Amino acid sequence: MGVDLESLSEATSGAIGSLLSTTILYPLDTCKTKYQAEARDHGQQKYRNLTDVLWEAISSRQVLSLYQGLGTKNLQSFISQFIYFYGYSYFKRLYLEKSGSKKIGTKANLFIAAAAGACTAVITQPLDTASSRMQTSAFGKSKGLWETLTEGSYSDAFDGLGISLLLTSNPAIQYTVFDQLKLRLLKTNQNNTEKTAVTLSAFTAFVLGALSKSIATILTYPAIRCKVVIQAADSDDNEAKKAQRKSRKTLSAVIHAIWKKEGILGFFKGLHAQILKTVLSSAFLLMIKEKIAATTWVLILAIRRYLFLTRGKLKSA
């Protein structure tokens, strides 16, 4: 079976969009993750709000540490988005061909998006765990990718995999809402004008991306908070305490700890920061993807034509 060029174009433009949006918003992501990872009684909390994390970096002269783990995060984002967009686009195209339908329904769209997300989560989980540990380490004390991955057992690299699989519903909801709104807008534009580009404007893509991600984030946030706590790096104290904490980092133990120390509102601690970061990130991602999709498609076709002509010359020589 040949390479699906349309899916490859979607995957490439989506991965590039993810890379750029992750880099732009990374300091905010670090502050958000460190704030979410803290699960203490109200009177013992180190961070009262998101700005406390930023102030700690500034006062300790570790501003550049807001970028600790950026390389790993970018690698994880690029690979995960490439796999996700390729799988999502390919499976959606395959479904339309097999079913003979001209459009895909909401239920089928959700199933396809969840399947693509599950494949992505399994493949990229070690990188996701490593980036979370690097971000939640004390400022200036983050370890390298290899050292982070090898400091524990093999299973430790897959901490939070179960929640990651559960959270495949997040991008499934996001991209389903985005695609459906996009189709409606493009259909309206085509009815108003005889000829119109098959792309959204940058502003429209930004708004649709923000709206779709907000809905997905609110619905899945308690799971997101638990996952961050499970993956967070241990503080630098004695090994006995670290081992004891590690034994408590199961999903049930984390849920119990958050409930006991912070109450039901603890499951939504940092929701505003999560929405701010993920909405901006996803909006930038989809906006960039929409604007470079056409260029990526042209480049892939040009490369294909070049390889075809080169192969023809070699055969005739």
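The values are calculated or read from the model by the stated rules, or taken from the named source; none is laboratory data. Because the structure is a prediction, the values reported are computed rather than measured. Neighbour counts are summed over all protein chains in view; Cβ atoms, including those assigned to glycine, are modelled from backbone coordinates with ideal geometry. Please note that ligands, DNA and RNA were not included when accessible areas were found on the heavy atoms of the full protein model with its side chains. Shrake-Rupley method; radii C 1.70, N 1.55, O 1.52, S 1.80 Å.
General observations
- Sub-6 Å Cβ pairs linking a first residue in the range 158-173 that is more than 16 Å from Gln76 (Cβ to Cβ) to a second residue that is open to solvent by 40 Å² or more (accessible area, probe 1.4 Å) and not β-branched (Val, Ile, Thr), at least 6 apart or interchain, are Ala172/Leu110, ordered by first then second residue.
- Filter result (part of a loop (DSSP other than H, G, I, E, B) and open to solvent by 70 Å² or more (accessible area, probe 1.4 Å)) within the range 86-109: Lys102, Lys103
- Failed condition for Leu167, given (1) among the hydrophobic types (A, V, I, L, M, F, W, C); (2) open to solvent by less than 10 Å² (accessible area, probe 1.4 Å); (3) modelled with pLDDT of 85 or more: (2)
- Scan of the range 137-175 for residues that are of a type in the set (A, V, I, L, M) and over 30 Å from Ser59 (Cβ atoms), ordered by number: Leu149, Ala157, Leu161, Ile163, Leu165, Leu166, Leu167, Ala172, Ile173
- Whichever residue in the range 192-224 is open to solvent by 20 Å² or more (accessible area, probe 1.4 Å) and part of a loop (DSSP other than H, G, I, E, B) and, among such residues, is modelled with the highest pLDDT: Ser201
Let's see how each residue does on (1) closer than 29 Å to Ala202 by Cβ; (2) among the polar types (S, T, N, Q):
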| position | (1), (2) |
| --- | --- |
| Thr22 | yes, yes |
| Gln36 | no, yes |
| Thr51 | no, yes |
| Leu64 | no, no |
| Leu70 | yes, no |
| Ser77 | yes, yes |
| Tyr95 | no, no |
| Lys103 | yes, no |
| Thr120 | yes, yes |
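Conditions (1) outside any helix (DSSP H, G or I); (2) at pLDDT 85 or above; (3) open to solvent by less than 40 Å² (accessible area, probe 1.4 Å), marked per residue:
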residue	(1), (2), (3)
Leu66	no, yes, yes
Tyr84	no, no, yes
Phe111	no, no, no
Thr120	no, yes, yes
Ser131	no, yes, yes
Met134	no, yes, yes
Lys143	yes, yes, no
Trp146	no, yes, no
Ser153	yes, no, no
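- Tally, over the range 252-283, of residues that are open to solvent by less than 80 Å² (accessible area, probe 1.4 Å) and under 24 Å from Lys73 (Cβ atoms): 14
- Among the candidates Pro126, Pro171, residue that is closer than 17 Å to Ile224 by Cα and either of a type in the set (Phe, Trp, Tyr) or touching a Gly at 6+ places or on another chain (Cβ under 6 Å) (or both): Pro171
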